[in-house]
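No value in this document is a laboratory result; all are computed from the given coordinates. Every value quoted in this text rests on a predicted model; they were computed, and no experiment measured them. We place every Cβ from the backbone using ideal geometry, glycine too, and count neighbours over all the protein chains shown.
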Amino acid sequence: MVKIMEQEFPSELMYLQTHEWVRIQDNIAIIGITDYAQHQLGDIVYIELPEIGTTINKGSSAAEIESVKAVGELIMPLSGTILEVNTDLADKPELVNSSPYGTGWMVKIELLNKSEINELLSVEAYKEIVEAEKK
């Protein structure tokens, strides 16, 4: 676990420059936004998640995240078919604030192109991006 200020970045995850995280389990990826991203957004009040069965390409918006400060997007770090969405977020969107890497996950996908994993960032590379943005 790497910490920058009071934000956490689990070292077993992969990251995207747009502040999403990915946990790979065989041919399945669990995706959410990072601790840094949820801090930037502030208190999250609503999340519009995609439909199960939808195929979404890497780089596309998969969800809309509304907070008291701004509206953000969940950008797909990998191409895949939505297998599951975190239905708990409909009633408790604040789970993304309290547990961005746990109960605040957003979508699970079946990977369409495993080679895209090689384009994700390590925790060290992501940490450099966050530190540069904070300057």
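Indicate the gyration tensor shape class of the chain (rounded, prolate or oblate), computed on the Cα atoms with a ≥ b ≥ c the square roots of the eigenvalues: a/c under 1.5 is rounded; otherwise a/b larger than b/c is prolate and the rest oblate. It is oblate, given that a/c is not under 1.5 and a/b is not larger than b/c. With helices as the sole contributors, the chain gives -4500 deg cm²/dmol at 222 nm; each DSSP H run of n ≥ 4 counts as -39500 (n - 2.57), and the sum is divided by every residue.
Here's how it looks for E84: its modeled amide H is under 5 Å from those of K108, which are all 5 or more places away or on a different chain.
Taking amide H positions as modeled 1.01 Å from N, with prolines and chain starts lacking one, the residues under 5 Å from A63 and 5 or more places away or on another chain are L74.
Straight-line reach from K127: taking Cα to Cα under 20 Å and skipping same-chain neighbours fewer than 8 places apart, the lysines in range are K3, K135. Below 13 angstrom from the Cβ of A62, what's the summed charge of the other residues (Lys, Arg +1; Asp, Glu -1)? Residues near A62 contribute -4 overall. Each peptide in 73-79, 87-93 was scored by the mean count of other Cβ atoms within 10 Å over its residues; highest first, the order is 73-79, 87-93.
Backbone geometry of the range 26-37 corresponds, through the Karplus equation with coefficients 6.51, -1.76 and 1.60 at θ = phi - 60°, to 3J(HN,Hα) couplings of 6, 9, 10, 10, 9, 10, x, 9, 6, 4, 4, 4 Hz, x marking Gly and Pro. Note on K114: lysines with a C-alpha under 18 Å away, same-chain residues under 8 apart excluded, are K58. Charged neighbours of I28, selected by a Cβ distance under 12 Å, balance to 0 (K, R count +1; D, E count -1). Relative contact order of the range 10-61, taken over Cα pairs closer than 8 Å and 6 or more residues apart, is 20 percent. Between I109, I30, I52, the residue with the greatest mean-square fluctuation in the GNM of the chain (Cα pairs under 10 Å linked by springs) is I52.
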